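Visitor: Quick one: the structure is below, questions incoming.
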Amino acid sequence: MKIWRLKAPGGSSAARWMQWRTNTSGLRMPRFAVSSGVTAAFAVTLILLLGVAAAYAQLPEPKAHTFPLGGNRAAVWVVAQLHILFAAFILGAPIFIVVSEILGWLSGENYAARYRYERLAKEVTKVTVILYSMTALTGGLFIFVLLATYPQFTAWLINHFFAVFAIIYPLLFIAETIILYLYWYTWDALQGPKKGRHIALGALLNIVGLVTLFVIDGPTSFMNTPVKSAEGLDLKTFIETTATLWDKMDNYTWWPLNIHRTVGNVVFGGFIAGLIAAYMYLASKTDEDRAFYDWFGFVGNMIGVGALLVLPFAGYLLAYELCDYDASICPYMMADQLSMFFEMQGAMVGLIFLASNYYIWLSMKRIEGIERIRMSLATLLLMVSVPVVFMMVWTKFPIPDKMAFIIPAVYVGAWLLIGKIIPWTVSSQTMVKVAFLMVIIGNAIWMTPHAFVATQALAPDDGSLSLPHGEVSLGFITISWDMLALMPAKNAAAFTLVFVTIINYIMYNRALRNGRIIWGKIDFVSQFVLVFLAFSAIWTMGLMGVVRELTRKYFHVFNLQYDFTPESFTPTLAYSSWLITGITVTFYIIVSFAIVLTLRTGKDKAVAEVPKAVPVPAGAK
């Protein structure tokens with residue numbers, strides 16, 4: 001078996017590693033001196049704008065202005081969503097970066113692995129530093145637009161969260177900016193024995209970033225679920241007179257939103273890293289670069305998909321708390337004005353899982369010996385039976401009944417035990433084909449609406465044994481086509497998508513252990529899959545942000561601050577989709593420009609000074 005290792009005639013791997021560090025220590029930092037200064041200027045501007053906003057909130061009855069293009073709500077929508085997208089990347093990417101740096105540090109004498117992880121972390125950091133300025137710029141623009149278009153509401157919100165907007169958030173933003181530049185500019189200085197200090201600095205950057213996210217999520221979640229009033233007080237009186245800042249922050253959906261956004265940011269960072277790798281792979285001119293960016297894309301996709309497996313459950317938790325806060329929100333989301341938004345969500349999530357599994361299949365094709373990899377027939381039967389069995393279990397024992405967790409766990413465990421006993425196996429190609437089919441079936445169940453089949457079409461027209469309306473009794477439960485539109489079926493569909501993806505990754509890992517992977521030889525189509533995954537993740541993030549905001553209906557703050565403007569209506573899916581697409585394309589163009597600016601310019605010089613990777617036997621010194 002051969003692996004990519006830094007080795008060259010006439011010198012050891014360790015020597016070449018030290019030469020790479022020495023040669024590249026001066027290549028990266030000066031180029032970003034101007035952009036870093038611009039970013040710092042934007043950060044200072046944003047902090048000053050927050051101070052202006054806090055002062056502006058004290059003015060009596062400021063006048064609202066009408067935005068000339070698209071109206072006030074569309075203007076706030078576009079700027080706010082762009083800011084959130086940039087913020088999601090600069091919060092998600094550092095997690096990805098520090099984990100990569102730790103893995104490289106732990107690689108020890110494996111200098112090839114150290115080089116790969118170090119280069120990956122450094123290249124993603126370059127893009128992060130550039131996009132940090134866009135986060136500050138769009139944040140400042142968002143404050144301007146919000147103050148101009150909704151001044152009364154903005155003043156009211158700032159007054160209630162004055163300490164957050166005027167003190168806590170600016171201080172955290174300053175701290176995050178300082179730590180980010182310390183992390184970047186000390187990269188080469190804190191190497192060798194000092195590497196642990198640099199990693200600690202990266203960990204501190206992530207901690208401050210997460211705290212910043214949690215702080216700003218307080219006012220955001222408050223708008224959807226303001227803290228309920230104490231006994232004997234109406235909501236408005238309680239908020240205006242009795243409720244403390246902590247009462248307002250610690251509302252029903254604050255922690256679910258924190259969890260959902262944190263996981264979503266990791267997904268976002270992983271898929272954007274995959275986008276970076278795809279662009280650079282397509283532009284690579286050497287086998288060494290193609291090998292590196294092939295591996296880079298694989299790691300980014302693995303991180304993105306790994307976090308994506310958790311994201312549906314974090315979303316369920318947020319939806320559960322919204323419904324628990326006010327029972328009218330749930331039907332409004334799932335069966336009324338926003339139901340088609342969830343249909344679109346189902347389509348996008350299904351496409352993301354389908355593309356992720358397609359990338360796994362393309363990755364497995366370049367592994368020599370994949371034809372020898374086989375999986376137990378019991379695993380295939382388990383994968384096929386999951387949607388039906390879990391749907392019936394969760395219909396009989398709705399979540400969070402304890403049996404809703406015990407029975408599925410026992411069912412999966414039983415099939416895995418059977419797989420250890422029976423000798424029959426199936427090929428990896430068969431598993432992949434069935435997995436694709438199950439992803440499509442799971443997505444179809446997710447998208448099945450109420451009354452998707454005419455009721456009388458299922459009624460028996462003779463004296464048959466069929467029960468009315470296509471129902472069949474199994475003794476412990478009665479099943480019918482209508483079940484496919486209910487939440488137990490949707491939960492089973494989501495679990496099927498997650499379970500199939502896990503099985504594919506297990507099979508992929510088994511192929512890696514028993515075969516020989518050739519980095520840089522992946523199918524060219526795979527890079528376009530990575531581009532599609534990034535675009536789909538951005539678009540879906542925009543869609544679900546719209547859904548969360550629209551659950552407030554005709555309120556700025558649910559049940560507390562009415563929205564009396566002419567734009568206080570639920571937009572159609574078509575209108576929202578066009579707007580989300582425009583925002584996504586704009587973000588995509590800016591990120592693509594940042595990638596080209598930071599990684600392609602001057603790359604030939606950098607490549608000329610790093611050691612070339614050549615395949616050598618795995619046990620060579």
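The values are calculated or read from the model by the stated rules, or taken from the named source; none is laboratory data. In this text, all values refer to a predicted model and were calculated from it rather than measured experimentally. Don't worry about glycine lacking a Cβ; one is built from the backbone with ideal geometry, like all the others, and counts go over all protein chains shown. Quick note on the areas: whole protein, heavy atoms, side chains included, nothing else; ligands and nucleic acids left out. Shrake-Rupley method; radii C 1.70, N 1.55, O 1.52, S 1.80 Å.
Visitor: Residue under question is S576, and the condition is that it be in contact with a helix residue (DSSP H, G or I) (Cβ under 9 Å, 6 or more places away or on another chain), at pLDDT 90 or above and assigned to a helix (DSSP H, G or I); does it hold?
Guide: yes
Visitor: Has the range 510-518 got any residue that is more than 27 Å from A335 (Cβ to Cβ), in a helix (DSSP H, G or I), open to solvent by less than 10 Å² (accessible area, probe 1.4 Å) and not assigned by TED's automatic domain parsing to the domain that holds M280?
Guide: So far as the range 510-518 goes, yes, one or more of its residues are more than 27 Å from A335 (Cβ to Cβ), in a helix (DSSP H, G or I), open to solvent by less than 10 Å² (accessible area, probe 1.4 Å) and not assigned by TED's automatic domain parsing to the domain that holds M280.
Visitor: Follow-up. Would you point out the residue of the range 88-133, among those that are of a type in the set (A, V, I, L, M, F, W, C) and open to solvent by 20 Å² or more (accessible area, probe 1.4 Å), that is nearest to G192 (Cα to Cα)?
Guide: W105
Visitor: Turning to a different aspect of this structure: Could you list, in sequence order, all residues of the range 409-435 that are within 30 Å of Y320 (Cα to Cα) and at pLDDT below 90?
Guide: Answer for the range 409-435, where residues must be within 30 Å of Y320 (Cα to Cα) and at pLDDT below 90: just A435.
Visitor: Here's something else I'd like to know. Among the residues of the range 222-236, are any closer than 23 Å to V349 by Cβ, part of a helix (DSSP H, G or I) and in the same structural domain as I95 (by TED's automatic domain parsing)?
Guide: The answer is yes; a qualifying residue exists.
Visitor: Something else now. How many of the residues making up the range 332-353 are over 16 Å from the mean Cα position of the chain (by Cα) and of a type outside the set (D, E, K, R)?
Guide: 12
Visitor: Could I ask something else about it? Going residue by residue through the range 282-296, is there one that turns out to be farther than 28 Å from V98 by Cβ, without any contact (Cβ under 8 Å) to a residue 60 or more places away in the chain and in a helix (DSSP H, G or I)?
Guide: no
Visitor: Which one of these is touching a Leu at 6+ places or on another chain (Cβ under 7 Å), assigned by TED's automatic domain parsing to the domain that holds K63 and open to solvent by less than 30 Å² (accessible area, probe 1.4 Å): P151, P219?
Guide: The conditions single out P219.
Visitor: Next question, about the same structure. Among F528, F524, F495, which is modelled with pLDDT of 90 or more and surrounded by fewer than 20 Cβ atoms within 10 Å (Cβ to Cβ)?
Guide: Just one listed residue meets the conditions, F528.
Visitor: Starting from the range 299-325, keep only residues that are more than 26 Å from A278 (Cβ to Cβ), then list their pairs with residues that are aromatic (F, W, Y) whose Cβ atoms are within a distance under 8 Å, requiring at least 6 positions of separation or different chains.
Guide: Here the result reads E321/Y252; L322/Y252; D324/Y252; Y325/Y252, each pair linking the range 299-325 to a residue that is aromatic (F, W, Y).
Visitor: Follow-up. Please state which of the following conditions T584 fails to meet, knowing it meets all the rest: (1) open to solvent by 10 Å² or more (accessible area, probe 1.4 Å); (2) among the polar types (S, T, N, Q); (3) over 19 Å from M333 (Cβ atoms).
Guide: (1)
Visitor: Kindly provide the set of residues from the range 141-175 that are modelled with pLDDT of 90 or more and among the small types (G, A, S), ordered by number.
Guide: Residues satisfying the conditions are A163, A175.
Visitor: Report yes if T286 is surrounded by fewer than 21 Cβ atoms within 10 Å (Cβ to Cβ) and at pLDDT 90 or above, otherwise no.
Guide: Here the answer is no, as T286 does not meet what is asked.
Visitor: Could you tell me whether any residue of the range 62-75 is modelled with pLDDT of 75 or more and in contact with a Leu (Cβ under 8 Å, 6 or more places away or on another chain)?
Guide: yes
Visitor: Moving on to the next point. Restricting attention to the range 244-278, report how many residues are in contact with a helix residue (DSSP H, G or I) (Cβ under 7 Å, 6 or more places away or on another chain), surrounded by fewer than 22 Cβ atoms within 10 Å (Cβ to Cβ) and either over 23 Å from A314 (Cα atoms) or not assigned by TED's automatic domain parsing to the domain that holds S356 (or both).
Guide: Looking only at that region, the number is 1.
Visitor: Right, next: In the range 72-173, which helices (runs of 4 or more DSSP H) lie fully inside it and hold 2 or more residues that are in contact with a Ser or Thr (Cβ under 8 Å, 6 or more places away or on another chain) and not acidic (D, E)?
Guide: 72-105, 111-149
Visitor: Quick test for you: out of T581, T586, T501, T565, pick the one residue that is of a type in the set (V, I, T), out of contact with any Pro (no Cβ under 9 Å at 6 or more places or on another chain) and under 30 Å from E240 (Cβ atoms).
Guide: T565
Visitor: Of the residues that sit in the range 357-394 and are touching a strand residue (DSSP E or B) at 6+ places or on another chain (Cβ under 8 Å) and farther than 30 Å from F524 by Cα, which one is modelled with the highest pLDDT?
Guide: Among residues in the range 357-394 that are touching a strand residue (DSSP E or B) at 6+ places or on another chain (Cβ under 8 Å) and farther than 30 Å from F524 by Cα, the one modelled with the highest pLDDT is L377.
Visitor: Could you tell me whether any residue of the range 540-561 is open to solvent by 40 Å² or more (accessible area, probe 1.4 Å), charged (D, E, K, R) and over 21 Å from W295 (Cα atoms)?
Guide: Yes, because at least one residue in the range 540-561 is open to solvent by 40 Å² or more (accessible area, probe 1.4 Å), charged (D, E, K, R) and over 21 Å from W295 (Cα atoms).
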